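A short write-up of the structure that comes next.
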Number of protein chains: 2
Amino acid sequence: MSAGDETTIETQSVIRAAEEGGRRRASTIIDVANEANVAIGTVSRYLNGLTVRAANRDAIETAIHRLGYRRNALAAAMKSDLTNMIGFMVPTLSEFHAPILEQMSSRMRKSGRAVLSYCHNDDPASVLDAIEFFAAHRVDCLVMDGHEEAIEGIRELLAGGTPVILYDNDVAGPPVDRVLVDNRTASARAVGHLLDIGHTRVAVLAGSLHDYAGSERLAGYKQAMVEHSVEIVPEYIAQAAWTESGGYAEMLRLLSLEEPPTAVFCCNYNMTVGALALLKEYGRRVPEDISIVSFDDVPLFRLREVGITTVAQPVGKIAETIAGIIASRLSEDGAHHAPHSITLACDIILRESTRRPHAASTPGSRADV
Amino acid sequence: MSAGDETTIETQSVIRAAEEGGRRRASTIIDVANEANVAIGTVSRYLNGLTVRAANRDAIETAIHRLGYRRNALAAAMKSDLTNMIGFMVPTLSEFHAPILEQMSSRMRKSGRAVLSYCHNDDPASVLDAIEFFAAHRVDCLVMDGHEEAIEGIRELLAGGTPVILYDNDVAGPPVDRVLVDNRTASARAVGHLLDIGHTRVAVLAGSLHDYAGSERLAGYKQAMVEHSVEIVPEYIAQAAWTESGGYAEMLRLLSLEEPPTAVFCCNYNMTVGALALLKEYGRRVPEDISIVSFDDVPLFRLREVGITTVAQPVGKIAETIAGIIASRLSEDGAHHAPHSITLACDIILRESTRRPHAASTPGSRADV
DNA sequence: TTTTTTGATGATAACGTTTCAATTAAGTTG
DNA sequence: CAACTTAATTGAAACGTTATCATCAAAAAA
């Protein structure tokens, strides 16, 4: 192209052409190309970081600045089949999930990607909606907690070439990557600690037995009991919803047993909160009257006057691992590998909520509830 | 169109046509139209809920199901200039912000929209990146906390016709909707409570005075002091970063004064945590030795053995109000209204961390720190 | 019936990018 | 300096929708 004087008049009039009552047409790559007197393709090359002759580069930069041009990511995504968006499903933005999302976001940002999040509140219909939504928006990859009802949708996504990564909760079937946590071993160690310091009447506040975490954590409890040759008492296995009220109600039941437990392993944060609320209400002191071990490490457990001994899931490691898998799956060569299944270890954080059982905690001290 | 026998052979071969090594071309609206023997436009009408002849509707539904068709939201957005995505900026997914995002998500979902979130960690560069990102993805509306460095970007967005809503932190200038909280009045009431129950040596742990919340909360403190005719002592105004360590350090300074305060108003959650840590370390009991009032209501404050009296921001109301403004702005008629500026009231939640000053807390009881 | 009114359908042009083959400019080498 | 190699540029064809408008079918009114 000749650095044409004859085109100058035309290009000047192009700038900010249409001002139709408030909503202005955003300038496009075509406007930039005209303004800079280069081909559209050249502007595209510039925008995508490919080499461009110095003179053109300057002209393009000036044009972009003058026009206030902003690339339309949708159009780009449509053509290139890459949205640079990662779908991320969480049940809720709890104190466990929020940090994972936050870390995922910042890690993804570093590779030029963004995270589109969706809370499904454990509602099956919402889970399906979420998959539909992510599929419609053509996310490059979907990260989600496992759900039975999602299996069909996951298969469709995989068939369409979208990698899916399961975390937190496992579900059998689809050939996807999994980033899980060794719930069983961690639970066994947590309960083992209670047994080690002399407790024998150890109860468990188990969550739903229908999901992976719930059954694994209960299995860990049983494993520790067996390993320490302590009899498993059926009444000490309290099964409830994963909620605060679930923890409250079952803790109440445990307290009213003939021989109430001297220590309780609560299988998640919410149940622990419920249990603590009940104990406070009934004047039971932690750890003097009863020892508590929880799962999940939230600020509350660290900052309470009496810190709560707990199993800390490696939140940072989880986010890091997921991010790594995404990077690998989205690279040319990593796309066709067999699925990884990574299980991360947890830490037990000892705080003040666990202590040797009191000598006075003998049989028969039934709670008057 | 004749219900053609002669087309049947053709359409059957269309299904799952191209299987190129793992990544299959997703079926499009065109495939559906062919399969159902209708025009593309008719399928589009069906997808968008417009009336379609019964026979065609059935044919389309069957075709969609057989082909596993999923609408491409990007292509739709590009043409219709509506992405149905709301951009949402948060500094961090803290215990204050996470619930807002969560509630925003579920409210938006009800109107068929999704929330794209971005954590900027109060890093100016990230704030700019976020705006760039949201602009590129053509979000229908941007919700963000106020930032000086974002003003220029906000203006560009507005000029392009994208509504912007400020929340949490205000910033002067751009004509945008604002959803704020009456920090000043809330703070005045919180401090007023301390004064009411007899404290006179009341200190404030103020955050950054350069931002809206920081200056307003300090102003509220001063207002209460004036209203109660209590002299404002400069040493009692402790100014620090909004962080845990900031609260820790300044609390230390306050304790080491000739006449340490008998009550402290901490201007946010993190500073309170820092202050509490220091008090525990130095053996000062709350509320026996010192009363504490905080800002923000997080689970910790509710679940500690000694609950913390605090100012609760109306998180649900904030989300609701933002959602309402979005709906209005995105409707035909609401688009051109003058900006709203809504200020919501906070609640004071009385717990156990505030109590009348101890008779023994006389001048001269200097802390040996 | 015939004419009018209403409403769904069909073909095609956008929307704003990327990609690709063809072309031209710029370096390198003999 | 010619002949070759390499690299940047160009123009046009996608990508998968929605929007428009001219048709065409069906129901309502005459």
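The values are calculated or read from the model by the stated rules, or taken from the named source; none is laboratory data. These figures come from a predicted structure and were not determined experimentally. Glycine also receives a Cβ, built like all others from the backbone with ideal geometry; neighbour counts cover every protein chain displayed.
So, of the residues in the range A:65-81 that are in contact with a helix residue (DSSP H, G or I) (Cβ under 8 Å, 6 or more places away or on another chain) and either of a type in the set (Gly, Ala, Ser) or over 30 Å from A:Ala135 (Cα atoms) (or both), which turns out to be farthest from DNA strand D (Cβ to nearest atom)?
Initially, the range A:65-81 is screened for residues in contact with a helix residue (DSSP H, G or I) (Cβ under 8 Å, 6 or more places away or on another chain), giving A:66-75, A:77-78.
Filter once more, so that each one left must be either of a type in the set (Gly, Ala, Ser) or over 30 Å from A:Ala135 (Cα atoms) (or both): A:66-68, A:73, A:75, A:77.
Details: A:Arg66: 18, A:Leu67: 17, A:Gly68: 22, A:Ala73: 13, A:Ala75: 7, A:Ala77: 9 Å.
Checking each candidate, the answer is A:Gly68.
Give the range A:194-208 a look and list any residue that's surrounded by fewer than 20 Cβ atoms within 10 Å (Cβ to Cβ) and not β-branched (Val, Ile, Thr), or say none. Before the answer, list the steps.
Restricting attention to the range A:194-208, the residues satisfying the condition of being surrounded by fewer than 20 Cβ atoms within 10 Å (Cβ to Cβ) are A:195-198, A:200, A:208.
Selection gives A:Leu195, A:Asp196, A:Gly198, A:Ser208.
Is there any pair with a first residue in the range A:41-55 that is more than 15 Å from A:Ile29 (Cα to Cα) and near DNA strand D (Cβ under 7 Å from one of its atoms) and a second that is in a helix (DSSP H, G or I) and modelled with pLDDT of 95 or more whose Cβ atoms are under 8 Å apart and which are 6 or more apart or on different chains, and what are they?
Final answer for the pair search is A:Thr51/A:Arg45; A:Val52/A:Thr42; A:Val52/A:Arg45; A:Val52/A:Tyr46; A:Val52/A:Ile60.
Within the range B:245-256, can one find any residue that is away from chain A (no Cβ under 13 Å) and among the aromatic types (Phe, Trp, Tyr)?
First pass over the range B:245-256, keeping only residues away from chain A (no Cβ under 13 Å): B:245-246, B:249-256.
Filter once more, so that each one left must be among the aromatic types (Phe, Trp, Tyr): none.
No, every residue in the range B:245-256 fails to be away from chain A (no Cβ under 13 Å) and among the aromatic types (Phe, Trp, Tyr).
Being more than 29 Å from the chain's Cα centre (by Cα), more than 14 Å from chain A (Cβ to nearest Cβ) and assigned to a loop (DSSP other than H, G, I, E, B) is the filter here; which residues of the range B:257-288 pass it? Explain how you work it out, then say what you get.
Start the filter on the range B:257-288 by keeping residues that are more than 29 Å from the chain's Cα centre (by Cα), which leaves B:257-263, B:278-288.
Still in the running and more than 14 Å from chain A (Cβ to nearest Cβ): B:257-263, B:282.
Listed by number, the residues that qualify are B:Leu257, B:Glu258, B:Glu259, B:Pro260, B:Pro261, B:Thr262, B:Tyr282.
Output the residues belonging to the range A:85-110 that are more than 17 Å from B:Phe133 (Cβ to Cβ) and either part of a loop (DSSP other than H, G, I, E, B) or within 16 Å of DNA strand C (Cβ to nearest atom) (or both). Don't jump to the end; show me each part of the working.
From the range A:85-110, those more than 17 Å from B:Phe133 (Cβ to Cβ) are A:89-100, A:103; that's our starting set.
The answer is A:Pro91, A:Thr92, A:Leu93, A:Ser94, A:Glu95, A:Phe96.
Considering (1) assigned to a helix (DSSP H, G or I); (2) under 18 Å from B:Ala319 (Cβ atoms), say which one B:Leu142 fails and leave the rest.
(1)
Might you let me know whether the range B:332-341 holds any residue that is at pLDDT 90 or above and closer than 19 Å to B:Val191 by Cβ? Walk me through it before giving the result.
So the first thing to find is which residues in the range B:332-341 are at pLDDT 90 or above, and the list is B:338-341.
Filter once more, keeping what is closer than 19 Å to B:Val191 by Cβ: none.
No; the residues of the range B:332-341 include none that is at pLDDT 90 or above and closer than 19 Å to B:Val191 by Cβ.
If only one of B:Tyr212, B:Tyr236 is in the same structural domain as B:Ile292 (by TED's automatic domain parsing), out of contact with any Gly (no Cβ under 7 Å at 6 or more places or on another chain) and aromatic (Phe, Trp, Tyr), which one is it?
Values: B:Tyr212 fails: out of contact with any Gly (no Cβ under 7 Å at 6 or more places or on another chain).
Selected residue: B:Tyr236, the only one of B:Tyr212, B:Tyr236 that is in the same structural domain as B:Ile292 (by TED's automatic domain parsing), out of contact with any Gly (no Cβ under 7 Å at 6 or more places or on another chain) and aromatic (Phe, Trp, Tyr).
Taking the conditions exactly as written (outside any strand (DSSP E or B) and buried (at least 20 other Cβ atoms within 10 Å of the Cβ)), does A:Ala219 satisfy them or not? Step through it out loud before you land on a result.
On the way: outside any strand (DSSP E or B): yes; buried (at least 20 other Cβ atoms within 10 Å of the Cβ): no.
When the stated conditions are applied, A:Ala219 does not pass them.
Which one is farthest from DNA strand C (Cβ to nearest atom) among residues in the range B:67-84 that are more than 8 Å from every other protein chain (Cβ to nearest Cβ) and aliphatic (A, V, I, L, M)?
Here is the first cut: in the range B:67-84, the residues more than 8 Å from every other protein chain (Cβ to nearest Cβ) are B:67, B:69, B:76, B:79-82, B:84.
From the residues that got through so far, the ones that are aliphatic (A, V, I, L, M) too are B:67, B:76, B:82.
Values: B:Leu67: 17, B:Ala76: 9, B:Leu82: 12 Å.
Among them, the one singled out is B:Leu67.
Limited to the range A:222-240, what total is found for residues that are surrounded by fewer than 19 Cβ atoms within 10 Å (Cβ to Cβ) and either more than 17 Å from A:Phe295 (Cα to Cα) or among the basic types (Lys, Arg) (or both)?
Filtering the range A:222-240 for residues surrounded by fewer than 19 Cβ atoms within 10 Å (Cβ to Cβ) gives A:222-223, A:226-235, A:237, A:239.
If we keep only those that are either more than 17 Å from A:Phe295 (Cα to Cα) or among the basic types (Lys, Arg) (or both) too, we end up with A:222, A:226-235.
Residues meeting the conditions: 11.
Please verify whether B:Ile318 is closer than 26 Å to B:Ala219 by Cα and not in a helix (DSSP H, G or I), treating the condition exactly as stated.
Numbers: closer than 26 Å to B:Ala219 by Cα: yes; not in a helix (DSSP H, G or I): no.
So B:Ile318 does not fit the description; no.
Hey, can you tell me all the residues within the range A:116-158 that are small (Gly, Ala, Ser), out of contact with any Ser or Thr (no Cβ under 9 Å at 6 or more places or on another chain) and within 12 Å of another protein chain (Cβ to nearest Cβ)? Lay out the reasoning, then the answer.
Of the range A:116-158, the ones small (Gly, Ala, Ser) are A:117, A:125-126, A:130, A:135-136, A:146, A:150, A:153.
From the residues that got through so far, the ones that are out of contact with any Ser or Thr (no Cβ under 9 Å at 6 or more places or on another chain) too are A:125, A:130, A:136, A:146, A:150, A:153.
Within the range A:116-158, A:Ala125, A:Ala130, A:Ala136, A:Gly153 qualify.
Which ones in the range B:241-253 are surrounded by 22 or more Cβ atoms within 10 Å (Cβ to Cβ) and aliphatic (A, V, I, L, M)?
Listed by number, the list holds a single entry, B:Met251.
With the requirement that a residue be in contact with a Ser or Thr (Cβ under 9 Å, 6 or more places away or on another chain) and among the hydrophobic types (A, V, I, L, M, F, W, C), what does the range B:204-236 give you?
Matches in the range B:204-236: B:Val204, B:Leu205, B:Ala206, B:Leu209, B:Leu218, B:Ala219, B:Ala224, B:Val230.
Check the range A:32-45 and report whether any residue there is modelled with pLDDT of 95 or more, touching a Phe, Trp or Tyr at 6+ places or on another chain (Cβ under 6 Å) and within 13 Å of DNA strand C (Cβ to nearest atom).
Yes; the residues of the range A:32-45 include at least one that is modelled with pLDDT of 95 or more, touching a Phe, Trp or Tyr at 6+ places or on another chain (Cβ under 6 Å) and within 13 Å of DNA strand C (Cβ to nearest atom).
Restricting attention to the range A:117-156, which residues are among the hydrophobic types (A, V, I, L, M, F, W, C) and surrounded by 23 or more Cβ atoms within 10 Å (Cβ to Cβ)?
Residues of the range A:117-156 among the hydrophobic types (A, V, I, L, M, F, W, C): A:119, A:125, A:127-128, A:130-131, A:133-136, A:139, A:141-144, A:150-151, A:154.
Residues satisfying the conditions are A:Cys119, A:Ala130, A:Ile131, A:Phe134, A:Val139, A:Cys141, A:Leu142, A:Val143, A:Met144, A:Ala150.
Residues to consider are B:Thr62, B:Thr92; find the one that is more than 12 Å from DNA strand D (Cβ to nearest atom), surrounded by fewer than 19 Cβ atoms within 10 Å (Cβ to Cβ) and more than 29 Å from the chain's Cα centre (by Cα). So that I can check it myself, show each step before the final result.
Details: B:Thr92 fails: more than 29 Å from the chain's Cα centre (by Cα).
Only one candidate passes the filter, namely B:Thr62.
Given the structure, is B:Val115 on the phi < 0 side of the Ramachandran plot and either touching a residue at least 40 places away in the same chain (Cβ under 8 Å) or near DNA strand D (Cβ under 10 Å from one of its atoms) (or both)? Don't jump to the end; show me each part of the working.
On the way: on the phi < 0 side of the Ramachandran plot: yes; either touching a residue at least 40 places away in the same chain (Cβ under 8 Å) or near DNA strand D (Cβ under 10 Å from one of its atoms) (or both): no.
The answer is no for B:Val115.
Which residues, counting only those in the range A:249-275, are of a type in the set (Phe, Trp, Tyr) and within 23 Å of A:His358 (Cα to Cα)? Full working, then the answer.
Residues of the range A:249-275 that are of a type in the set (Phe, Trp, Tyr), as a first pass: A:265, A:269.
Answer for the range A:249-275, where residues must be of a type in the set (Phe, Trp, Tyr) and within 23 Å of A:His358 (Cα to Cα): just A:Phe265.
Being out of contact with any helix residue (DSSP H, G or I) (no Cβ under 6 Å at 6 or more places or on another chain), within 14 Å of another protein chain (Cβ to nearest Cβ) and part of a helix (DSSP H, G or I), is that true of even one residue in the range B:159-175?
Within the range B:159-175, one or more residues are out of contact with any helix residue (DSSP H, G or I) (no Cβ under 6 Å at 6 or more places or on another chain), within 14 Å of another protein chain (Cβ to nearest Cβ) and part of a helix (DSSP H, G or I).
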